[in-house]
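The values are calculated or read from the model by the stated rules, or taken from the named source; none is laboratory data. If you're wondering where the values come from, they're calculated on a predicted model, not measured in any experiment. Cβ sites come from the backbone with ideal geometry, for glycine too, and all protein chains shown count toward neighbours. For accessibility, only protein heavy atoms count, side chains too; no ligands or nucleic acids. Shrake-Rupley method; radii C 1.70, N 1.55, O 1.52, S 1.80 Å.
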Amino acid sequence: DDAQKQFSSPTIINNVVQDPQTGRIYLGAVNGIFQLNHNLQEESRADTGPKKDNPQCTPPITAKCTDAKEMDNFNKLLLVNSANGTLIVCGSLFRGICSLVNLNSVNKPVYYSDTKGEKTWVASTEESVTVVGVISYFKDTTTNANLSVFLVGKGYGSSDSSKLISTRLLQEHGEMDVFENMVEASTVQTSSFVHRYLHDFRYTFKDNGYIYFLFSRSPGTSDSRRITFIARLCENDHHYYSYTELQLNCTVNTEQQENTFNKVQAAYLAKPGKVLAQNIVPSNLNDKVLFGVFSADEADGRSALCMYPLSSINARFEEVIESCYTGEVLEDDKPKTVYSPYNSKNEAICRTKRDKNMVKAYICGAEFLPSPLASKPEYALAVKPIYTGNDMLTAVAVAVENEHTVAFLGTSGADVLKVHLDPNHTDFYNRIPEEHTEGAVNKNLLFDTGLDHLYITTGRKISKVPVQVCGQKNDCRSCLVQRDPYCGWCVREGRCTRKKNCHKGEGENVWLWGPDQACKILEPIKIQACIPDQTPSNGTTTPPSGGL
Amino acid sequence: MRHADRKQFYERHLLKCVSDNHAITFKEQGIWNYSTMLIREDLGLLVLGAREAVFALDINDISVSRSKVLWKVTEEKQKECTSKGKHPDIDCHNYIRMLHQMNDSVMYICGTNAFSPTCDYITYDNGQLQLEGKQEDGRGKCPFDPFQRSSSVMVDQDLYSATSLNFLGSEPVILRTSPITLRTLLKSSWLNEPNFIYMDAVPESEDSPEGDDDKIYMFFSENAIEYDFYNKLVVSRVARVCKGDMGGLRTLQRKWTSFLKARLDCSVPEPSLPYVIQDVFHVRHQKWRKSVFYAIFTSQSSSTDQSSAVCAYNVTDISNVFSRGKFKTEVAVEMSDVKWVTYSGDLPVPRPGDCINNAARTSGIKSSMNIPDKTLQFIRDRPLMDDAVHPITGKPLLLKRGPLLTRLVVDMVTAADGQSYPMMFVGTANGYVQKAVNYDGEMHIIEEVKLFESEEAIDVLRLHQNQLYAGSASGVVQMPVSNCSRYSSCLDCVLARDPYCAWDVPAQRCSRFPASTEHAKSNLIQSLKDGDATQCPITAPIEPKVRTLVLGNNIRLLCRPDSNLAQVNWNLAGKPLPFSNRKYTIYNDAILISNASSADAGRYTCVSVEQAKGKHYTKTLAIYDLHEEVAVVVTDKIKTTLGIPNEIYTTSSGLIKPEEPPSFSKNQASDSKWIAMQVALAMLSIMMACLLIWNLYMGHISPFMCCGRQPIKSHGNLPRMEYKSAGNDVMDSKPQMVNLCVTTNSNLEVTGFHRNGDPSTGIHLFKYITDESEI
């Protein structure tokens, strides 16, 4: 069962998603979509390219498009819509249009049209422009019906949709087409200014009625140093009145407004283990935490992992929004905590004095309240890294084992680092090396449904790897010295195992984990065995080479 | 018999009192912001939109309100508006901002409805205005903010509107509401914080060999994207779309495919920041190529120097910039900035922004849905023309400092020489309307009329059948476009250079032009360009009037010029009298001799001087022989001869005596200001006297005039008893006369000012009453 499984794609893999209900893995690769079962055996595939295209031409491509040539189709967005059994596939061809395929068999098209024009251009024609998406709902005000939609965050591309954030229809509705943009809002759809910000979207998620986008962008002034933001939007906000950006700082020195690691590369939302939670969110142990891996502008390639409790994020959002809505301004009538990005109108926002209770009634903004808002750098949410390293981190996934938090960090060198997020003593204790290096670890690190395996994507390959290799430790000391939350010494069976694999592991002194002292309770037994020639080993056992 | 004659005289004078004003006003208690007008000639109505009310006024007499309908804000709406931070008394009302005729029976109406714009249909049936109550969403048609500029036009029952789409006013849109709704892109290169002023259609499909389409032209100001200024720079624009535009098939879907814009140039001689457009009037011509847009521009609000200009633009000049001009394109500069430069590459076919014409139809493009994407992409990214539109004559027609100009209308007047002259009626920010016309590049301001008492801006102007209608925050005024009868002499009539007026030689009066018959034309004298009054027949010399000098008294001699453009000079024994000093106080219509002494006796002559094209025309308006009292024997004789005038004077003085102290105070104030003006060599505007004094003044002048005529009519000595009875009749009639004047008085005042469009200054007429000479 723990045998390594893998799948090789003929082309580079762009996106990886998983259907949480079936455990299936879907790969969005260049020129192809692959459906794999949980053991990475191919079940179905569909070709998406190459096809004749020119980014300057409006699809459908006809003879009138004189410069059309065979072009690769990069997968820009891949989303599982379990509700209606479809997979949303958005590529780089034909101005970034999308299609729907059957979730049970991706070679069965559900919807495709390249004739609907610019209103259905969703993704990007440019390989370097990142696109993220999340499925949501949109309540039709006339019929009160809940429409199925997905929200897209996309950086600037010169030949595709000009919308930074858009809401796309997933079903036909009246005269509107599938994938049509539903919200016409000037706040985040004014293209003339978007291109100077160079948004780089990395992650998006939903939580408690909000939709969050994580990206880095430049400030829009002459300073070109990029900053990481998390943007928050209420679900079913028909005008994006609630769109607000909060700066996230991942910095060694939180007292100053220094921002050491300024570019988010990947993120993961998870509930931390109790040990970590008691340290960072002592008042709300069930709080979710946003784990992000950040890189620095400096050439030394250092990287960091930072944690932002979701309650802290929301508290800061509420703080800066409320400050603006209640009319807190500085001496020159400028807002105290926020500014209005993407907006050429420089009139003094946040000047109107309002009651706090009245403001609480408008947590999703309103037509008369200023929008969009972004926190000033002074009001950024700043945290210290819980882990820094010299490897460029490109992916993150977080799991909890026995109330301990383990982070799996992908690197640009195709390794995956295992880091035990102990508030007192964080260090990476193991490395899952890649046999054949081929590019960085894809930011989509996924667990299988039982959380026993990790799906690691690098270049053209996806591998299913156990989250632990306890069986390779043959004695108590080598089993415990790594402080791997997965591995403890099963006394009765005399082997290194996960707790759930140790029979009657819940009993005291049956499954040993922790400092070296834990192994000492075994020594008297050995003495009683009267093995006079044996002596305890003092060195760390080197793991066998070529373990994977 | 004689009594009857006197009453007849007074009635005629009352009529003159009414006709002098000519202005009719309308206002209703508690209703404000009369800013929207629709002329329904077919119904004989001026439909007037105000705050929370719509009126149907008689177009010939707007003081007659035929019907009224209220459109108030509900209590719920007002609470909602207030809770959103708007002012309950200023913002949270329903300002009627749009009135358009849809067909013979239905009009379309929109109001701000407490920052939630709403539209409805309104009809006028059986003498009643009636709202249908459909309450359509008015977003994109009507502004949220009642004080934000917007514009709209109804063409073939399609509504074109330019306003803001959202509460905060940050989403500008040019929208067509029709079976296929079109709008502008939310893109700062299309509209960058615009202030919409005007829009209208030009039927360019008529007489078009190319089979062109009608165009809709929009006028607005916006922040410039093509200039690298540290601060935002506002420029004036004209934009255009095609009437038949249906949007693109795949690019520019439900967006204008024909939106183009260009800068409007209205440069003043001295270097300055661009002037900002404030109003436009479209002078339509039967041949659309001869249509002209007249526009008011004002200096940037950041300028300390407040000035205004009027420029005119040929529709063909505008059209040529769009049809043949080069485009601007943006290029990236460094990392985060863009610059707009001339696009010098090839243009796609068909030309971006062109309407569907025969050439397009021939090549298979039958609607905007068939336009190739290369053209659509070009126009989407490059809507701005490289060239500016320059005015006719290359410079402003009118330049004016002082209170800003706000609105204008233009009437094309055919004069005696057969030419058409554009007569401009220009409203100002302080409640005046100027009447101005341009002769061969020279601007001639004929008169300036104060329409509204308080200094409030003219908000709307309309012109219809020789009547001008003006609306402001507090009311509406209707007045005729000309008042030719005010010019009582040929000299005044010709020197006024008013194209509406010509001197009718046989009738001996200044008549409204054109005459009804061709024969009459040959007897009309008009000299608009040259102001040559030499054609006027020589008039009989004015006979001197005799006045008695009573030592120590103040003596007032009347002289009122009919022309606002004339300057009055007083001579004593042929020598000019100085401007006001301790002895002489010279007013617009009189001279006051203080503390008369023997040296003041002599002949006083009042001469008006008017200038046109460098020539000076003089006219003697009045001559007075001031004589000192003589011996007893002569006194008795004079007393007998002048008995009636003396008695009249006594009566007038007696009647006015209770008001003397206030008049005296005002006289002092005026005298002081006069001295200040003399010292500072500057002209100051003086506020109009109070209503009561004005009415008293009007009342006062009547008996004086009457008295002036009596000596001519009398044919012998009257018995003393009969004379006293006549005096009683006069006294009995006065209250009635004063009352009638009060009821019809509209507080209309005409002031004079200098030629060449100098800033409007002048001494306003003000009333004073001083001691008359007493025997």
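Filtered by the rule that a residue be open to solvent by 20 Å² or more (accessible area, probe 1.4 Å) and either among the basic types (Lys, Arg) or modelled with pLDDT of 85 or more (or both), region B:457-473 gives B:ALA457, B:ASP459, B:ARG462, B:LEU463, B:HIS464, B:GLN467, B:ALA473.
Taken over region A:29-56, residues that are open to solvent by less than 20 Å² (accessible area, probe 1.4 Å) and within 20 Å of A:VAL465 (Cα to Cα) amount to 4. Scanning region B:266-279 for residues that are open to solvent by less than 30 Å² (accessible area, probe 1.4 Å) and in contact with a Leu (Cβ under 8 Å, 6 or more places away or on another chain) yields B:VAL268, B:ILE277, B:ASP279. Taken together, the residues in region B:32-64 that are in a strand (DSSP E or B) and polar (S, T, N, Q) amount to 2.
Can you name the number of the only condition in (1) open to solvent by 50 Å² or more (accessible area, probe 1.4 Å); (2) over 27 Å from A:LYS116 (Cα atoms); (3) modelled with pLDDT of 85 or more that A:ALA231 fails? The failed condition is (1). Pairing each residue of region B:267-281 that is over 13 Å from B:LEU405 (Cα atoms) with any residue that is open to solvent by 30 Å² or more (accessible area, probe 1.4 Å) and β-branched (Val, Ile, Thr), provided the two are 6+ apart or on different chains, yields C-beta distances under 8 Å for B:PRO274/B:VAL234.
Among the residues of region B:396-432, count how many are of a type in the set (D, E, K, R), outside any strand (DSSP E or B) and within 16 Å of the chain's Cα centre (by Cα). Total satisfying the criteria: 0. Take B:SER161 and decide whether it is touching a Lys or Arg at 6+ places or on another chain (Cβ under 6 Å), more than 19 Å from B:CYS355 (Cα to Cα) and away from chain A (no Cβ under 14 Å). In short, yes.
Among the residues that make up region A:109-116, is at least one of them over 23 Å from the mean Cα position of the chain (by Cα), buried (at least 17 other Cβ atoms within 10 Å of the Cβ), in contact (Cβ under 8 Å) with a residue 24 or more places away in the chain and within 14 Å of chain B (Cβ to nearest Cβ)? Looking for residues that are over 23 Å from the mean Cα position of the chain (by Cα), buried (at least 17 other Cβ atoms within 10 Å of the Cβ), in contact (Cβ under 8 Å) with a residue 24 or more places away in the chain and within 14 Å of chain B (Cβ to nearest Cβ), one finds at least one in region A:109-116, hence yes. Can you confirm whether B:GLU448 is outside any strand (DSSP E or B) and at pLDDT below 85? Against the criterion (outside any strand (DSSP E or B) and at pLDDT below 85), B:GLU448 does not qualify. Quick check: is even one residue across region A:58-72 away from every other protein chain (no Cβ under 14 Å), touching a helix residue (DSSP H, G or I) at 6+ places or on another chain (Cβ under 9 Å), not in a loop (DSSP other than H, G, I, E, B) and not acidic (Asp, Glu)? The answer is no; no qualifying residue exists. Within the bounds of region A:239-248, is there any residue that is in contact with a Ser or Thr (Cβ under 9 Å, 6 or more places away or on another chain), open to solvent by 10 Å² or more (accessible area, probe 1.4 Å), at pLDDT 90 or above and of a type in the set (Phe, Trp, Tyr)? Yes, because at least one residue in region A:239-248 is in contact with a Ser or Thr (Cβ under 9 Å, 6 or more places away or on another chain), open to solvent by 10 Å² or more (accessible area, probe 1.4 Å), at pLDDT 90 or above and of a type in the set (Phe, Trp, Tyr). Here A:ARG168, A:ARG202 are screened, and the one residue that is of a type in the set (D, E, K, R), surrounded by fewer than 23 Cβ atoms within 10 Å (Cβ to Cβ), more than 13 Å from chain B (Cβ to nearest Cβ) and not in a loop (DSSP other than H, G, I, E, B) is A:ARG202.
Taking B:ALA436, is it touching a residue at least 24 places away in the same chain (Cβ under 8 Å), surrounded by 17 or more Cβ atoms within 10 Å (Cβ to Cβ) and farther than 30 Å from B:VAL64 by Cα? Don't jump to the end; show me each part of the working.
Numbers: touching a residue at least 24 places away in the same chain (Cβ under 8 Å): yes; surrounded by 17 or more Cβ atoms within 10 Å (Cβ to Cβ): yes; farther than 30 Å from B:VAL64 by Cα: no.
When the stated conditions are applied, B:ALA436 does not pass them.
Scanning region B:179-226 for residues that are of a type in the set (A, V, I, L, M, F, W, C) and within 14 Å of chain A (Cβ to nearest Cβ) turns up B:ILE180, B:LEU182, B:LEU185, B:LEU186, B:TRP190, B:LEU191, B:ALA224, B:ILE225. Please determine whether any residue of region B:527-546 is in a strand (DSSP E or B), modelled with pLDDT of 75 or more and buried (at least 17 other Cβ atoms within 10 Å of the Cβ). No - not one qualifying residue is present in region B:527-546. In this entry, B:ALA590 is excluded by the filter for residues that are at pLDDT 80 or above, open to solvent by 20 Å² or more (accessible area, probe 1.4 Å), among the small types (Gly, Ala, Ser) and within 30 Å of B:LEU626 (Cα to Cα).
Among the criteria (1) within 14 Å of another protein chain (Cβ to nearest Cβ); (2) among the hydrophobic types (A, V, I, L, M, F, W, C); (3) in contact (Cβ under 8 Å) with a residue 12 or more places away in the chain, the one A:MET358 does not fulfil is (3). Residues to consider are A:VAL400, A:VAL419, A:VAL465; find the one that is aliphatic (A, V, I, L, M), open to solvent by 20 Å² or more (accessible area, probe 1.4 Å), in contact (Cβ under 8 Å) with a residue 12 or more places away in the chain and touching a strand residue (DSSP E or B) at 6+ places or on another chain (Cβ under 8 Å). After applying the criteria, what remains is A:VAL400.
Listed here are the strands (runs of 3 or more DSSP E) enclosed by region B:266-351 that have at least 3 residues being away from chain A (no Cβ under 14 Å): B:276-283, B:292-298, B:307-314.
Just one of (1) farther than 21 Å from A:CYS234 by Cα; (2) over 25 Å from the mean Cα position of the chain (by Cα); (3) more than 14 Å from chain B (Cβ to nearest Cβ) fails for A:LEU147. It is (1).
Residues of region B:241-255 that are in contact with a helix residue (DSSP H, G or I) (Cβ under 9 Å, 6 or more places away or on another chain) and more than 14 Å from chain A (Cβ to nearest Cβ): B:CYS242, B:GLY244, B:ASP245. Across region B:411-433, the number of residues qualifying as open to solvent by less than 30 Å² (accessible area, probe 1.4 Å), under 19 Å from B:SER472 (Cα atoms) and touching a strand residue (DSSP E or B) at 6+ places or on another chain (Cβ under 7 Å) comes to 8.
Restricting to region B:142-170, what's the tally of residues that are in a loop (DSSP other than H, G, I, E, B) and either in contact with an Asp or Glu (Cβ under 7 Å, 6 or more places away or on another chain) or open to solvent by 20 Å² or more (accessible area, probe 1.4 Å) (or both)?
Here the count works out to 14.
Given the options B:LEU57, B:LEU38, B:LEU45, name the one that is farther than 26 Å from B:PHE147 by Cβ, modelled with pLDDT of 90 or more and buried (at least 18 other Cβ atoms within 10 Å of the Cβ). When all the criteria are applied, what remains is B:LEU45.
Residues in region A:361-369 include at least one that is more than 12 Å from chain B (Cβ to nearest Cβ) and open to solvent by 20 Å² or more (accessible area, probe 1.4 Å).
Here A:GLY327 meets each of (1) over 25 Å from B:SER188 (Cβ atoms); (2) more than 14 Å from chain B (Cβ to nearest Cβ) with one exception, condition (2).
I'd like to know if region B:123-134 contains one or more residues that are in contact with an Asp or Glu (Cβ under 7 Å, 6 or more places away or on another chain), within 24 Å of B:ALA473 (Cα to Cα) and part of a strand (DSSP E or B). Scanning region B:123-134 turns up at least one residue that is in contact with an Asp or Glu (Cβ under 7 Å, 6 or more places away or on another chain), within 24 Å of B:ALA473 (Cα to Cα) and part of a strand (DSSP E or B).
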